[in-house]
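Presented below is the structure to which this report refers.
The values are calculated or read from the model by the stated rules, or taken from the named source; none is laboratory data. Owing to the predicted nature of the structure, the values given are computational and were not obtained by experimental measurement. Because the Cβ atoms are built from the backbone with ideal geometry, glycine has one as well, and the counts that use them run over all protein chains shown.
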Amino acid sequence: MLNNNKYAFKVIPDNEQNMTYWDMFATWFGANANNGTWFIGGVVAACGLIGGLSATVIGGVIAYIFLAMMAYVGYKTRTSNTVLSRGAFGIRGSIIPSIINLTLFLGWTAVNTFIAAMSLTFIFHTLFGWALFGQPGGNLGIIVGILVMSILHVLSIIAGQRSVQLVERIGVVLVIIFVVLETFVVFKDISFTQIAHYHVPAKQRMPFGVAIDTIAAFGLGWVVGGADFSRFTSKKRNAISGSFWGAFLGLFSFAMIGLCTTLSVALTSGYNANNSDPSVIANKLGLGFIAMLVIVLTSMTANAVNIQAGASALSNMIHKLNLNKSLVIITLLSMALTFVPVISGSFLDSFISFLDYTGMLLGPIIAIMLVDYFLVNQENYNPIALSDRNGKLWYQGGFNLVAVGTLILGVIIYLILKSFAVIETTIGATFITMAISAVIYYFGSKLFNK
């Protein structure tokens, strides 16, 4: 532990680097094999099966290559993502990506919590006759569901890191069983050929570039938490390969089932984007209590990652807070945020707006951080430099103005690119924005930060 100033931080010691390849794989598989990924698959189903699947593979592979790179940085430095952001943004300037990361992890926690709460509303409807969300008097069930899920998250956190790993391992097994069951139910009466040939109505069809941006925003959300877990492993392979394959296979399997289930329902009752919700689909397919309870458990496995990464960001912002207090605060804040769809009346609209916010900010931040570590500083981060007020990474008053300027330009570039029809229908704006931001930051650093 460094203790020479308030910017001191903990470097993970050898005896705490106990995450195996399976732990790393299970963490990231469990992070993606959940309700949010299912919902994402249902959203990009608006491209049709082939379009949605292609967007998932392209966007997922690219996003998780960045995850593997960030995981490698965490393994090498043994520090969290928020501390690593000091290298690019400055020791004080790291508060900028920390605030952004905090809002993003709060958002993803709220997304998973809301979907799980929706599952609980179906259980409450069956047991007590309470109205479902969207029906008159339907807010009671969703409010109780949100409170129940938040209590479960707090209990999981209080139980400690080992309990979180246990929940993740059990959750991964149940998720695999559930995916197999779901697949059987879907294809019992409807063939894969029928789903593949279903055409989404033109007015509801999603452009391919928008689907790429949707998957990219979802995938990049995990990149800014990659080092938070890889710092606990002592092997490079665990960090790089475990993170990539766990995240990608989790994304592919659950997005695929989200695609197929949404389109299978569309074949019989017409396409409706709101049918992307896992709880709604599970109910329509008659899967009952067990399906709803698995959805609740997978929400907990995904949010274990979200809450821990959000707590790391909060700890970097408020140095007096220890990790345990930060974990509880993040859980309570995310609970409050989960009520936004209840107030607005539409979870889908809130979710799409959140994805736009995610893609706009994360792309430039990740590009800046990776370029700074691998090219500008050439892997020379160390604990002294990352906390030294008199060192190179203090920049100007603790802020790297080149990084801040690049982030602002990146957001502007993203918004401009989103307005072009050719971008919207082809590759999307996210990855182009990242490439441009990387170039701007690299040459800006060479020019102004000599």
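Is it true that some residue in region 316-331 is buried (at least 22 other Cβ atoms within 10 Å of the Cβ), within 13 Å of Ser85 (Cα to Cα) and of a type outside the set (A, V, I, L, M, F, W, C)?
yes
Restricting to region 399-426, and then to whatever is assigned to a helix (DSSP H, G or I), β-branched (Val, Ile, Thr) and touching a helix residue (DSSP H, G or I) at 6+ places or on another chain (Cβ under 7 Å), can you tell me which residue is farthest from Leu84 (Cα to Cα)?
Top of the filtered list is Thr425.
Quick check on this structure: which one of Ile343, Ile412 is closer than 22 Å to Leu447 by Cα and surrounded by fewer than 17 Cβ atoms within 10 Å (Cβ to Cβ)?
Ile412
Taking region 430-450, which residues are within 22 Å of the chain's Cα centre (by Cα) and among the aromatic types (Phe, Trp, Tyr)?
Listed by number, the list holds a single entry, Phe431.
Looking at (1) closer than 12 Å to Gly41 by Cα; (2) in contact with a Gly (Cβ under 6 Å, 6 or more places away or on another chain); (3) of a type outside the set (Phe, Trp, Tyr), which is the one condition that is false for Ala227?
Among (1) closer than 12 Å to Gly41 by Cα; (2) in contact with a Gly (Cβ under 6 Å, 6 or more places away or on another chain); (3) of a type outside the set (Phe, Trp, Tyr), Ala227 violates only (1).
Which one of these is surrounded by fewer than 24 Cβ atoms within 10 Å (Cβ to Cβ) and modelled with pLDDT under 90: Ile62, Ile50, Ile12?
Checking each option against the conditions leaves just Ile12.
Just checking, does region 15-33 include any residue being crowded, with 21+ Cβ neighbours inside 10 Å and over 30 Å from Leu321 (Cα atoms)?
yes
Could you tell me whether region 308-323 includes any residue that is on the phi > 0 side of the Ramachandran plot and in contact with a helix residue (DSSP H, G or I) (Cβ under 7 Å, 6 or more places away or on another chain)?
Looking through region 308-323, none of the residues is on the phi > 0 side of the Ramachandran plot and in contact with a helix residue (DSSP H, G or I) (Cβ under 7 Å, 6 or more places away or on another chain).
One line per residue, one yes/no per condition, for (1) surrounded by fewer than 23 Cβ atoms within 10 Å (Cβ to Cβ); (2) assigned to a helix (DSSP H, G or I); (3) of a type outside the set (Gly, Ala, Ser); (4) at pLDDT 90 or above:
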residue: Ile352; (1), (2), (3), (4): yes, yes, yes, no
residue: Gly359; (1), (2), (3), (4): no, yes, no, no
residue: Leu375; (1), (2), (3), (4): yes, yes, yes, yes
residue: Asn382; (1), (2), (3), (4): yes, no, yes, no
residue: Asp388; (1), (2), (3), (4): yes, no, yes, no
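Evaluate the following for Ile240: is it within 30 Å of Lys76 (Cα to Cα) and either in contact (Cβ under 8 Å) with a residue 40 or more places away in the chain or of a type outside the set (Gly, Ala, Ser) (or both)?
Yes.
Six or more apart or on different chains, Cβ under 7 Å: which pairs go from a residue in region 22-49 that's more than 16 Å from Trp108 (Cα to Cα) and outside any helix (DSSP H, G or I) to one that's modelled with pLDDT of 85 or more and of a type in the set (Asp, Glu)? Could you list them?
No pair meets every condition.
Mind checking which residues of region 193-205 are surrounded by fewer than 12 Cβ atoms within 10 Å (Cβ to Cβ) and either touching a Phe, Trp or Tyr at 6+ places or on another chain (Cβ under 8 Å) or in contact (Cβ under 8 Å) with a residue 40 or more places away in the chain (or both)?
Matches in region 193-205: His199, Pro201.
For region 103-132, how many residues are assigned to a helix (DSSP H, G or I) and more than 12 Å from the chain's Cα centre (by Cα)?
16
Kindly check whether there is at least one residue in region 309-323 that is of a type in the set (D, E, K, R), over 15 Å from the mean Cα position of the chain (by Cα) and assigned to a helix (DSSP H, G or I).
no
Can you tell me how many residues in region 83-133 are farther than 23 Å from Val294 by Cβ, of a type in the set (Val, Ile, Thr) and in contact with a Gly (Cβ under 7 Å, 6 or more places away or on another chain)?
1
Which residues, taken from region 150-176, are part of a helix (DSSP H, G or I), small (Gly, Ala, Ser) and modelled with pLDDT under 70?
Hits for region 150-176 are Ala159, Ser163, Gly171.
Kindly indicate which of Gly410, Gly398, Gly405, Gly428 is within 18 Å of Pro364 (Cβ to Cβ) and touching a Gly at 6+ places or on another chain (Cβ under 6 Å).
Residue meeting the stated conditions: Gly428.
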